[in-house]
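A short reminder: the numbers here are calculations on the coordinates, not readings from a lab. Given the structure is predicted, the values throughout are model-derived calculations rather than measurements. Cβ atoms come from the backbone with ideal geometry, glycine included; neighbour counts cover every protein chain shown.
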């Protein structure tokens, strides 16, 4: 019986305890409603925003008190005013704003707001137009005299955490043209007086990207940004197709180097440090760059300076590294310097990486090395190419290409190879022993002073001439020689040269070669063919590899970028 009585007492105490807990909760809830004036909280928030930004916070919807999961004031349809010169009437608009309150200050008739949660947000960022003294609408004008106070003088607004869900960020240039739009699935920011540390996930063109970093803001100063970007895959090809475009080359059939703007002017004037790691970057032409790693810095000095500290990605089974700088990028004549070095790749794998559907038997081998060091000025590839200075060098080792692959490369290439080597058509494969090129350029003029050489199993070929990148005009003479030296003295291939433009090259006649060979044949008539025999013997005795004595030291090309 004593056991039953003990159990009954425990059950009663449990019920009494539960009732007491419920009563306490109800009293606390009632006390909360008594202590919390929702309109007062909204007024405190509006005053704090006015103080720190100089902009007006407007609450167009309802305001209600919420107890779970936090004690919160929830406001609907909230907006923040924009700069007077901005295109959009509001800088920020939110479907719902939740202000989380501390319990204890309420007992002392104080309101302390430390956390804000926003849902359904639209954020409009815009660079300032010419004539403005600020960088953009993100630069605020604090009103120091509007310091909000609680009833006993204690500070009432001390925001430490902000959470975004389902937000859209729109970026406009100084003329109000929309340049970019990003959706924020989820983002959390920890705030101090001058900066916010953030982390979360966004979607750009429906592609998930993880972000982490810091954003600092001081009055009348450019933004200070530290950003780390991580993504499994970013597909630029699909985004180009979504916009109904096939890329600059397709829209500008006349030029290889597009006259369309590269968009340097869309870069904001800020202090920034950006790192990015992307497992797979798909370029607009479909080529894939694996294991991309990038480090860059931005500076507002001298009308904007972008420094590419590091660029590294997989390239044809090897790796390519690059660095560079763009200065004055917010002007009409930015200066661009870029250098790079690719090693450990094969042409076979490069073609497979950039050409979908290629068979493994189409092209085999071709171990290579490639370096460049270039500079120019302008806002488009055409501008940069027209005044380019610097040098490019490439070396390719033994390789084998099927005739089917060569024949599918275009009528011009087929005609050119047939002219150089008429016997090519009888072979299943073309055998390449080596190919080298050293291409210096000055003010957009590429000089080829017998600095392109190719060796096959049957021929040695040397190229001589120039390419004018200003008008993309081509004038290259081709000098092939059979390795056996058993020529007739009149080699039709020696009469070939390439004219036209980079976009539309044509085969022409090397007039100097015609005169030279005509003189040789004429001499042979008077010497009963002795001169032709002597010429054949000389060709065997003096022939040298076109791949030799062409290449410069690699460190002289890339400035020591790679060992």
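Out of every Cα-Cα pair in segment 354-469, what percent are more than 22 Å apart?
46 percent
If you average the C-alpha positions of segment 426-446 and of segment 272-330 separately, how far apart do those two centres end up, in angstrom?
First find each Cα centre; the distance between them is then 28 Å.
Residue separation times 0.36 nm, minus the C-alpha to C-alpha distance between residue 333 and residue 166: what's the value?
Length gained between residue 333 and residue 166: 56.2 nm.
Which of the peptides 297-306, 388-397 is most tightly packed, and how do the rest follow, judged by the mean count of other Cβ atoms within 10 Å per residue?
388-397, 297-306
Using only the alpha-carbon atoms of segment 181-340 as identical scatterers, what base-10 log of I(q)/I(0) does the Debye formula give at q = 0.09 Å⁻¹?
Each listed q corresponds, in turn, to -0.36.
How high is the FRET efficiency between residue 256 and residue 403 when r is their beta carbon distance and R₀ equals 35 Å, given to the nearest 0.05?
Here the calculated transfer efficiency is 0.85.
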